[in-house]
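A quick write-up on the structure given underneath.
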Amino acid sequence: MSREQHTAALPPEEWPQALHLLDAPAALSVRDARGAVRTWARGSSADGRAVTTADVQYAASVAKQFTAALLARAVLDGLVREDTGVRSVLPRLPAWAADVTVHDLVHHTAGLPTTEAVTAAAGCAEGELDDERVLDALTLIDRPQQPPGRGFSYSNTGYVLLAEVLRRVSGTGLETLARAWLFEPLGLTSARWGGPAPATAPGRPRPPATTGDGGLWLSTDDLLRWLIALDDETLGADLTRSMLRPGLLRDGATVPYAWGTTARVHPRGTQFTHGGDWPGWTAKTVRQPGTGIAVALMRHGAEAAAVSRAALDVAERLLTTDVRVDGNRARPVTLTPVVSA
């Protein structure tokens, strides 16, 4: 994707009311149904600079869709299967995890212990967790929440285990794998997994050192590039199709969680959304395959509900005001940051 194409700032009269209501610095990058990219940013960072859509921010749980894409690629490459028993790859896990599959981890149907149970067993706060501490803590827990495949229960721990599965089957860590399979091919130059918070975020609580469930840093512009790449099948049609599939329970019932995103019913077709928050950082993505629209919103703050409402409001505005031209797919585009006050 060429970086020569320019974007346009959203004029003030087009800012949805929900954006006005955000009470902290924020950055927004969107693609509309015509394939045009528009940006919006306001506020100042902690060092007094104006916030832009090029600023690197913490994606928190939005990282799960990147982890899921890596897993989908590993499945397509034959490195692991969806029905692989997780304990066969991670033998340190306790006996109660014997029936948990990779599919269960992807779709939050594994019935794993809660984050509170994991931190209690680890003897530390959530911000002090890393992958090893999570694995060690699970060995100290007597039982899961429920048997796998019985119901949906959102689990950060499950995506930490997916990162460990990827590490074992690929022979390399998540950062190296993501850089080779996702970041470099897509030109996500700001993206990194792990590492310290940027200098623009002093004094904020340090995010956990776990990977898979979070740990991802990137700009709002690159987050939109990611969404566009999925919509335009830049990583391959098979991978994109994999990312759309919902989870299945053991009785064949579906759960409204695909590969790292929630699948929301919408009159214009399924919306794939996900949010993430950690004190000082909040992110939300909305993607609507078939319409061409994509929304990436990142904010310096932790009011996840307000950020979610704003991103969904922007997506709805794009759906109601933009019309696909001749029914064609929107063409791939890239971003040159544009700052608006």
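Side notes on the structure shown:
- The C-beta contact set for the stretch 232-251 (first residue among the acidic types (Asp, Glu), second residue assigned to a helix (DSSP H, G or I), distance under 7 angstrom, 6+ apart or interchain) comprises GLU233/THR240; ASP238/LEU76.
- GLY149, sole failed condition from (1) in contact (Cβ under 8 Å) with a residue 40 or more places away in the chain; (2) touching a Ser or Thr at 6+ places or on another chain (Cβ under 8 Å); (3) over 25 Å from VAL100 (Cβ atoms): (3)
- Once the stretch 252-265 is narrowed to residues that are in contact with a strand residue (DSSP E or B) (Cβ under 7 Å, 6 or more places away or on another chain) and in contact (Cβ under 8 Å) with a residue 12 or more places away in the chain, the residue that is surrounded by the most Cβ atoms within 10 Å (Cβ to Cβ) is GLY260.
- When the helices (runs of 4 or more DSSP H) confined to the stretch 32-141 are screened for residues that are modelled with pLDDT of 95 or more, in contact with a Pro (Cβ under 6 Å, 6 or more places away or on another chain) and more than 21 Å from ALA311 (Cβ to Cβ), those reaching at least 1 such residues are found at 102-106, 131-139.
- Residues in the stretch 115-138 that are touching a residue at least 40 places away in the same chain (Cβ under 8 Å) and either in contact with a Phe, Trp or Tyr (Cβ under 6 Å, 6 or more places away or on another chain) or within 30 Å of ALA253 (Cα to Cα) (or both): THR115, VAL134, LEU135, LEU138.
- Subset of the stretch 142-196 that is touching a Phe, Trp or Tyr at 6+ places or on another chain (Cβ under 7 Å) and over 19 Å from THR210 (Cβ atoms) - its residue that is modelled with the lowest pLDDT: ARG143
- Given (1) outside any helix (DSSP H, G or I); (2) more than 21 Å from GLY252 (Cα to Cα); (3) touching a helix residue (DSSP H, G or I) at 6+ places or on another chain (Cβ under 9 Å), number of the condition GLN145 does not satisfy: (2)
- Some residue of the stretch 3-14 being modelled with pLDDT of 65 or more, in a loop (DSSP other than H, G, I, E, B) and either among the aliphatic types (A, V, I, L, M) or surrounded by 15 or more Cβ atoms within 10 Å (Cβ to Cβ) (or both): no
- Hits in the stretch 267-302 - residues which are surrounded by fewer than 23 Cβ atoms within 10 Å (Cβ to Cβ) and without any contact (Cβ under 8 Å) to a residue 40 or more places away in the chain: PRO267, GLY269, THR270, THR273, GLY290, ALA302
The values are calculated or read from the model by the stated rules, or taken from the named source; none is laboratory data. All figures in this text were calculated on a predicted structure; none of them were measured in a lab. Heads up, the Cβs are rebuilt from the backbone with ideal geometry, glycines too, and the neighbour counts pull from every protein chain shown.
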